[in-house]
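The values are calculated or read from the model by the stated rules, or taken from the named source; none is laboratory data. Predicted model, so just to flag it, every value in this text is computed and none were measured. A quick note on method: Cβ atoms are made from the backbone with ideal geometry, for glycine too, and the neighbour counts reach across all protein chains shown. For the accessible areas, the whole protein counts, side chains as well, though only heavy atoms, and no ligand, DNA or RNA atoms are used. Shrake-Rupley method; radii C 1.70, N 1.55, O 1.52, S 1.80 Å.
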Amino acid sequence: MNLKTIALLSCLGIHTFATAAEYRKFTDAKGRTLSAELIRYNDLQKKVTIKCKGKGIKTVPVSIFSETDQKYIASWNQNQDFLSEKKLLVEFKRRKRKNVEVSYSTTSGGRTWYECNFNIELTNKSTTGFDKIELEYVVFYSQDHYIQNNADREERHGTLYKQEVINLPKKSTKEFETEKILLFQRKVGSTSYGKPDLRGEVHGIILNISMKSETGETISRQIKYPDNLNHVWTSSTKNVQIAPY
C-alpha cells in the first residue's frame with residue numbers, strides 16, 4: 001500500500017454529524033466512508049484531489065473509491081469543465097452582407113438591404129466529451145419605420161429565437177451560424193420632405209448552453225455578446241420577428 005493510499009485511509013470512518021454543504025460522503029472499495037470535498041480530477045492520470053473533513057487536502061488514485069463514486073467523480077469533472085470558460089470556449093463573430101436583393105419592389109426605393117447573423121464557435125479543450133448539448137439563442141434587433149401619415153420615425157424591436165442540439169467530442173471545435181435577419185437602411189435625400197434617416201440594427205445575442213450530466217442534473221451557462229448588451233432574456237422572450245418592409 002503506497003503512502004497516498006494510507007493518507008486517504010486515514011480519513012476513513014463513519015460520520016454521524018452533519019457536514020457542510022460542499023462536503024459529500026464517499027465510500028472506498030472496502031465500504032468505508034469519508035466526508036470530503038472534491039477539488040479537482042486529473043482524467044489522464046486518474047487521480048483525484050479531495051479535501052477531507054478535518055484532515056486537509058490529499059491527492060489519491062480514483063480507483064480507491066467505489067464504482068458509484070468513481071462515476072460521480074467523472075460526472076463532477078465533466079460538469080466543472082462544461083462550466084469553465086477555459087475548458088469550453090464560446091466565441092462569436094458578427095456577420096453582415098450588404099446589398100441583398102429583395103422582392104419588396106414597391107418599398108425598396110432608396111433603401112440598402114442587408115442580412116445580419118452570428119457565427120458561433122464552440123471549442124472543447126477538456127479531456128471529456130459533451131453529448132447532446134442544447135443550444136438556445138435569442139438575437140435582439142430593431143428596425144426603423146416611418147409612422148403612417150407622419151414624418152416621425154418609429155423604432156420597432158424584434159427577437160429571433162432558435163434551438164438545436166449538438167455533440168462536442170473532447171478536444172474538438174464546432175461552428176454554426178444563426179439564422180439571418182433581413183434589415184435595411186435609408187439615407188434621406190433632398191426630396192425627403194424632412195423625413196429622418198431609417199436604420200436597422202442588430203444589438204446582440206444571448207446564448208444558453210445546457211447539458212444533462214451522467215447523474216441526471218442539468219447544468220447550463222448563459223453568454224452575452226457583446227458583453228455590454230443591455231437586453232435580458234426572460235421566460236417570456238419568444239420570436240417577435242418584425243416585417244422589414
What is the one condition in (1) at positive phi; (2) modelled with pLDDT of 90 or more; (3) open to solvent by less than 70 Å² (accessible area, probe 1.4 Å) that Lys171 does not satisfy? (3)
The condition of being over 30 Å from Asp131 (Cβ atoms) and open to solvent by 70 Å² or more (accessible area, probe 1.4 Å) holds, among Glu217, Glu201, only for Glu201
Can you tell me which residue is surrounded by the most Cβ atoms within 10 Å (Cβ to Cβ) among those in the stretch 225-238 that are under 30 Å from Lys98 (Cβ atoms) and polar (S, T, N, Q)? Thr237
Just the residues that are over 28 Å from the mean Cα position of the chain (by Cα) and touching a residue at least 24 places away in the same chain (Cβ under 8 Å), please, taken from the stretch 36-49. Ala36
Do the conditions hold for Ser103, that is, is it hydroxyl-bearing (Ser, Thr, Tyr) and open to solvent by less than 70 Å² (accessible area, probe 1.4 Å)? no
Quick check: anything in the stretch 121-133 under 19 Å from Lys93 (Cα atoms), in contact (Cβ under 8 Å) with a residue 12 or more places away in the chain, open to solvent by 40 Å² or more (accessible area, probe 1.4 Å) and within 17 Å of the chain's Cα centre (by Cα)? yes
If only one of Asp197, Asp227, Asp152 is under 20 Å from the mean Cα position of the chain (by Cα) and of a type outside the set (S, T, N, Q), which one is it? Asp227
At pLDDT 95 or above and under 30 Å from Thr159 (Cα atoms), is that true of Lys93? yes
Filter result for the condition that a residue is open to solvent by 50 Å² or more (accessible area, probe 1.4 Å) and within 30 Å of Asn77 (Cα to Cα), over Gln241, Gln222: Gln222
Among the listed residues Asp81, Asp28, which satisfies the condition of being open to solvent by less than 30 Å² (accessible area, probe 1.4 Å), modelled with pLDDT of 85 or more and under 27 Å from the mean Cα position of the chain (by Cα)? Asp81
Being open to solvent by 40 Å² or more (accessible area, probe 1.4 Å), modelled with pLDDT under 95 and under 24 Å from Lys132 (Cα atoms) narrows it down to one residue among Leu3, Leu44; which is it? Leu44
Residue under question is Ile73, and the condition is that it be in a strand (DSSP E or B) and buried (at least 17 other Cβ atoms within 10 Å of the Cβ); does it hold? no
Test for Glu164: is it open to solvent by 10 Å² or more (accessible area, probe 1.4 Å), within 13 Å of Leu207 (Cβ to Cβ) and at pLDDT 95 or above: no
With (1) touching a Cys at 6+ places or on another chain (Cβ under 6 Å); (2) among the β-branched types (Val, Ile, Thr); (3) not in a strand (DSSP E or B) as the list, and Thr234 as the residue in question, which single condition is left unmet? (1)
